[in-house]
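The structure appears below as structure tokens.
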Amino acid sequence: MNNAITKIGVFTSGGDAPGMNAAIRAVVRASIYYKKEVFGIMRGYEGMIDGDIVKLGARSVGNILQRGGTILKSARSQEFRAPEGRKKAFDQLKKHGIDALIAIGGDGSFAGLHVFFEEYHLPSVCIPGTIDNDIPGTDFTIGYDTATNTAVEAIDKIRDTALSHNRLFFVEVMGRNSGYIAINSGIAGGAGAIIIPEDHMTFEALYAILKPGEETAKKSNVVVVAEGSKIGGAIELARKVAERSSYFDIKVTILGHLQRGGSPTYFDRVLASKLGVAAVEGLLHGKQDVMVGVLDNKISYTPFETVRSGTHAINEEDLRIAKILSI
Ligand code: F6P
């Protein structure tokens with residue numbers, strides 16, 4: 001046990017994700033369980049720089065397990081990218097006696113913490129919290145399961161109205177450059193086609209999937225498009241199809257930030273709870289400059305350096321399954 005650590009600072013950074021609150025709760029309660037003080041740093045690196053730091057107790061994280069968003073708020077900080085900003089942040093942490101950090105966020109947040117660790121050597125552990133599921137070193141990121149369920153629910157609803165009106169819908173889901181939400185919500189929602197950045201599907205190939213509808217009188221369909229699609233987003237693809245054929249009555253729905261909110265699923269609550277406890281225990285056992293994740297259902301700690309240079313590839317097999325089932 002690392003008894004040199006006395007005060008742990010926890011913060012959320014980057015895009016929020018359902019389950020972040022469950023992770024905060026786990027970090028706070030595990031810290032207190034191990035007799036450490038714990039501080040919440042508001043608004044990510046922005047609050048660190050401004051000294052917006054509050055002491056947390058076991059009761060201050062009551063009744064948040066089931067809530068979406070993050071009680072600590074989140075931000076993407078430009079100032080922290082500069083050495084002067086990081087110096088201000090370090091001075092604030094020192095003022096509060098904080099000697100270890102736990103960040104809950106995505107790859108951008110980790111990169112910032114890695115640089116900070118190299119400069120100031122504060123033991124730090126990251127917890128992967130992003131709906132994108134695009135982080136290596138963990139099979140799942142906090143929020144991904146909830147966001148995908150939200151997308152599936154939306155696709156189900158769109159399918160109802162698509163069928164009633166014989167319409168072709170392009171549904172755009174989030175995921176920045178990652179197709180995880182798209183591929184799995186597409187399979188679960190029975191999409192006619194799924195467009196993800198990792199695939200090399202061309203517009204011609206997409207059109208070849210839709211075109212037979214003209215012969216078979218299949219007008220109604222749902223195409224799921226990842227926002228990072230290399231052949232255009234939902235609006236552009238809808239426009240291109242409309243230019244080719246007047247047969248389809250086309251509509252577009254962009255799910256957007258809807259996918260970032262809402263009560264976390266049981267899966268995200270459990271994942272967040274496990275990772276929160278493991279982050280604290282990792283710190284207390286001397287882990288630093290690492291990300292805690294779950295690989296093959298086991299807690300694992302991956303050095304930031306490895307996380308930064310890797311990718312979390314989608315399973316090619318999933319694409320094949322989606323294609324077989326969409327005939
Ligand atoms: O990284 C999470 C995410 O929701 C991405 O899927 C999306 O591209 C991005 O954040 C949107 O960011 P913002 O909330 O800043 O618009």
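The values are calculated or read from the model by the stated rules, or taken from the named source; none is laboratory data. The model shown is predicted, which means the values in this text are computed figures rather than measured ones. Virtual Cβ from ideal backbone geometry, glycine too; neighbours counted across all protein chains shown. Side chains are part of the model used for accessible areas, which takes the heavy atoms of the whole protein and leaves out ligands, DNA and RNA. Shrake-Rupley method; radii C 1.70, N 1.55, O 1.52, S 1.80 Å.
Is segment 10-92 rounded, prolate or oblate when judged by the Cα gyration tensor, a ≥ b ≥ c being the square roots of its eigenvalues, rounded requiring a/c under 1.5 and prolate requiring a/b larger than b/c? It comes out oblate by the Cα gyration axes.
Would you mind estimating how fast segment 63-125 diffuses translationally, via Stokes-Einstein at 37 °C and 0.692 mPa s with the Kirkwood radius over Cα pairs, in µm²/s? Roughly 254 µm²/s, to the nearest whole number.
As a rough guide to protection, the peptides 129-141, 41-53 ranked by mean Cβ packing within 10 Å, highest first, stand as 129-141, 41-53. The mean sequence distance of close C-alpha pairs (under 8 Å, at least 6 residues apart), as a share of the length of segment 125-184, puts its relative contact order at 35 percent. In summary, the lysines within cross-link reach of LYS95, defined as a Cα separation below 26 angstrom excluding same-chain residues under 8 places away, comprise LYS7, LYS35, LYS36, LYS55, LYS73, LYS87, LYS287.
Rolling a 1.4 Å probe across the protein heavy atoms gives segment 144-260 an accessible surface of 44 Å² per residue. By the compact-protein rule of thumb, 2.2 N^0.38 Å, the alpha-carbon radius of gyration of segment 137-180 corresponds to a ratio of 1.43. Computed about the Cα centre, the dipole magnitude for segment 144-260 is approximately 220 debye when only Lys and Arg (+1) and Asp and Glu (-1) carry charge, each at its Cβ. Can you bin segment 144-260 into rounded, prolate or oblate? Criterion: square roots of the alpha carbon gyration tensor eigenvalues sorted a ≥ b ≥ c, rounded for a/c under 1.5, prolate for a/b above b/c, oblate for the rest. Oblate shape, in that a/c is at least 1.5 and b/c is the bigger or equal ratio. Projecting the Cα atoms of SER164, GLY233, ILE194 onto the charge dipole of segment 144-260 (Cβ charges, centred on the Cα centre) puts SER164 farthest toward the positive pole. How big is D for segment 108-175, in µm² s⁻¹ as a whole number, if Stokes-Einstein is applied with the Kirkwood radius of its Cα pairs at 20 °C and 1.002 mPa s? The calculation lands on 144 µm²/s. For the chain, the dipole from Cβ point charges (+1 on Lys and Arg, -1 on Asp and Glu) about the Cα centre works out to 920 debye, to the nearest 20. Computed over protein heavy atoms with a 1.4 Å probe, the carbon and sulfur contribution to the accessible area of the chain reaches 53%. Shape class for segment 11-57, computed from the alpha carbon gyration tensor (a ≥ b ≥ c): oblate, with a/c not under 1.5 and a/b at or below b/c. Counting only DSSP H runs of at least 4 residues, each contributing -39500 (n - 2.57), and dividing by the residue count of the chain, the helix-based mean residue ellipticity at 222 nm comes to -13000 deg cm²/dmol.
Relative contact order for the chain: 24 percent, from Cα pairs under 8 Å spaced at least 6 residues apart, divided by residue count. With K and R counted +1 and D and E -1, the other residues having a Cβ less than 10 Å from that of GLY143 yield a net charge of -3. With θ taken as phi - 60° and the Karplus curve 6.51 cos²θ - 1.76 cosθ + 1.60 applied, the whole-hertz 3J(HN,Hα) list for segment 5-13 is 7, 10, 10, 9, x, 10, 8, 10, 8 Hz, x standing for glycine and proline.
Cα-based radius of gyration for segment 32-177, normalised by 2.2 N^0.38 Å, reads 1.32. In percent, rounded to a whole number, the relative contact order of segment 137-240 is 35, using alpha-carbon pairs under 8 Å and six or more apart.
Per residue, the Cα convex hull of segment 168-327 amounts to 129 Å³. The DSSP beta bridges internal to the chain are antiparallel in roughly 25% of cases. Per-residue 3J(HN,Hα) values for segment 72-77, derived from phi via the Karplus relation 6.51 cos²θ - 1.76 cosθ + 1.60 with θ = phi - 60°, read 8, 6, 9, 7, 10, 9 Hz in sequence order (x marks Gly and Pro). With kT/(6 pi eta Rh) evaluated at 10 °C and eta = 1.306 mPa s, and Rh the Kirkwood radius from Cα pairs, the chain diffuses with a coefficient of 77 µm²/s according to Stokes-Einstein. Amide H contacts of CYS126 (H built 1.01 Å from N, in plane; Pro and chain starts excluded): ALA103, VAL290, MET291, VAL292 sit under 5 Å, all sequence-distant by 5 or more or on other chains.
Scalar couplings 3J(HN,Hα) for segment 171-177, obtained by applying the Karplus form with A = 6.51, B = -1.76, C = 1.60 to θ = phi - 60°, are 10, 9, 10, 7, x, 6, 9 Hz; x denotes Gly and Pro.
Averaging the Cα positions of each part gives two centres, and for segment 6-44 and segment 254-327 these lie 18 Å apart.
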